[in-house]
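Working notes for the structure below.
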Amino acid sequence: MKKLMVFAMLLAFLAVPLTAFGTMGKMAPKSKDINVEFFGSLKTYPSWMSNLNFNSDSDVNDFMIDENGAMTDHNVRNELRMGWKGGNDSFDFMIILEADFNLDKNNTDRGAQKNGLTYAAVDDQGMSGDDFGVEKLDIGYNFGPFRIHTGWTTRWLDLKTGGLVYGDDHPYIGLTGNIGENFKWEADYTIVYDAIDVATMDGDDLDWRFYSVKGIYKIPSGFAKGFVISPFYAFSDNSVQNNAQVSYFGLEGYGKLGMFTPRFEIAYADGDMDGEGADYDISAMAAYASVDIEICPGFIPYFGIKWEEGDSDPTDDDIDAFNAITDITRYTPTFGMENAIVYRYLTALGTHLYSGNFNRTGTQDGYGGISNSSTGDAPGMLMWGLGAKGKYGKWSYKVQYMDFSFDEEPDQLVAGVDDEVGQEFDLRVAYAFDKHFTIANCFAAFDPGDAIEELWGNDFDDTAYVNTIELIWKW
């Protein structure tokens with residue numbers, strides 16, 4: 001009987017027309033008027049790290065966190081993205097799936113732990129980030145005078161300059177449009193957190209939303225033709241963190257003026273925080289300026305400065321520290337570098353992912369920052385830096401130096417702390433075999449200043465090193 005059943009199954013298999021197998025795996029939109037493109041990328045980053053706590057004799061806090069989770073000593077970050085985009089004259093969409101994790105048998109077999117850092121990356125909500133999910137989404141409809149769209153792809157207010165206020169992939173509902181040929185506008189309703197306490201069915205204290213408008217004006221003629229002036233405004237209603245309601249007023253400018261590419265930004269935060277046990281007036285500023293000088297394609301020097309106001313007195317009723325909604329300096333054009341040190345989460349520096357500031361340093365609740373991590377008495381920062389970049393055929397490079405200090409010394413933590421945080425040196429060299437595959441090496445070193453040793457104790461004065469090989473595929 002068993003032999004008969006096997007024989008029958010074999011006959012059934014052979015009876016299936018070969019054309020049926022030829023159609024398997026094909027995918028096409030149901031509507032014939034929609035064009036679809038498939039794209040993707042894979043970034044594999046073997047990294048070697050040392051002294052991430054600035055103390056070669058201690059393992060305490062000797063780690064950093066990136067999108068793939070915690071890393072120390074040696075890990076291989078792996079970010080795989082697969083995407084589709086398409087549409088027609090009025091309808092458009094873009095979907096990107098992503099898995100971002102440390103390469104490990106448990107991760108690649110999709111069996112990683114869901115509530116720990118042993119194998120999985122855990123985000124600020126305690127969820128694992130290693131499984132495939134829809135990382136970015138944007139679906140829109142164009143009415144002509146304006147376009148309505150929704151999703152959670154990367155949106156920003158100031159990514160083209162200093163990234164002082166906002167850039168992230170939070171969910172949104174937005175409108176975009178044009179007035180004439182040279183002015184574009186955007187208006188977004190963005191949801192950072194929207195949670196409900198299931199015990200009380202109360203969600204009033206668990207929400208963080210903000211509302212923003214942005215204008216983009218491109219100068220149409222003259223020497224400054226093409227230079228962009230972009231004012232923006234955002235209102236942050238952050239009830240998660242002591243009911244902080246803050247208005248951000250900002251202005252940025254960028255563009256090419258002959259051999260020069262200047263970029264500038266100024267931002268002001270104004271509001272109040274009146275949660276339980278807190279009644280503060282918020283008033284803080286931040287600014288950024290840089291310039292690239294294109295002497296030739298192979299040598300483009302640049303220099304710049306970034307300032308974020310700090311709070312000098314955590315005992316008064318004012319918050320003078322500048323807290324962004326989400327800082328996005330890591331991906332800004334001039335000093336941004338993905339595998340630099342200062343743009344990761346390091347406990348000893350008080351940095352968080354993307355931000356490049358030290359706003360986790362402090363004692364009292366703040367009103368923003370990625371994952372609500374910034375403090376109300378953050379010491380702020382002053383950065384000045386310089387560097388150079390260029391391309392020679394298939395080779396490219398970027399080398400930079402940044403010096404960091406506190407705007408205000410964090411005396412509430414340790415009396416008489418020095419303001420010198422440290423210096424970072426970054427060097428990235430890349431070779432593009434073609435448009436689909438690139439190999440690069442990024443070396444980063446952060447030498448701590450006196451402030452780090454005074455905050456953490458003796459022997460916290462060793463240089464941190466991260467060396468990353470970048471294997472990048474694109475299709």
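The values are calculated or read from the model by the stated rules, or taken from the named source; none is laboratory data. Worth saying up front: this structure is predicted, and the values here are computed from it rather than measured. Don't worry about glycine lacking a Cβ; one is built from the backbone with ideal geometry, like all the others, and counts go over all protein chains shown. Side chains included, ligands, DNA and RNA excluded: accessible areas come from the protein's heavy atoms. Shrake-Rupley method; radii C 1.70, N 1.55, O 1.52, S 1.80 Å.
Before moving on, here are some points about what is shown:
- By the rule of a C-alpha distance below 18 Å, with chain neighbours fewer than 8 residues away ignored, the aspartates and glutamates paired with Lys225 are Glu181, Glu252, Asp292, Glu294.
- Between helix 2-15 and the chain: long-axis angle, C-alpha atoms, 0 to 90°, nearest 10: 80 degrees
- Estimated at 0.36 nm per residue, the fully extended path between Val36 and Ser50 surpasses their Cα-Cα distance by 0.5 nm.
- Among the listed pairs Lys32/Lys218; Lys85/Lys435; Lys85/Lys389; Lys256/Lys389; Lys30/Lys214, those beyond 25 Å (Cα-Cα): Lys32/Lys218; Lys85/Lys389; Lys30/Lys214
- Sorting the segments 135-144, 93-102, 345-354 by their mean number of nearby beta carbons within 10 angstrom, highest to lowest, gives 345-354, 93-102, 135-144.
- Three-way shape call for segment 135-178 based on the alpha-carbon gyration tensor, with the a/c threshold at 1.5: oblate
- With an a/c value of 1.5 or above and a/b larger than b/c for the gyration tensor axes a ≥ b ≥ c computed over the alpha-carbon atoms, segment 53-103 is described as prolate.
- Segment 405-475: C-alpha gyration tensor shape, a/c 1.5 cut-off, then a/b vs b/c: prolate
- Solvent-accessible area of Ile305 with every protein chain in place, 1.4 Å probe, in Å² to the nearest 10: 80 Å²
- The value of relative contact order for the chain, using C-alpha pairs under 8 Å at least six residues apart, is 12 percent.
- The distance between label points at Ala187 and Phe132 comes to 3.9 nm (points 7 Å beyond Cα on the Cα→Cβ vector).
- The stretch between Phe91 and Leu251, if pulled fully straight at 0.36 nm per residue, gains 54.4 nm over its current Cα-Cα span.
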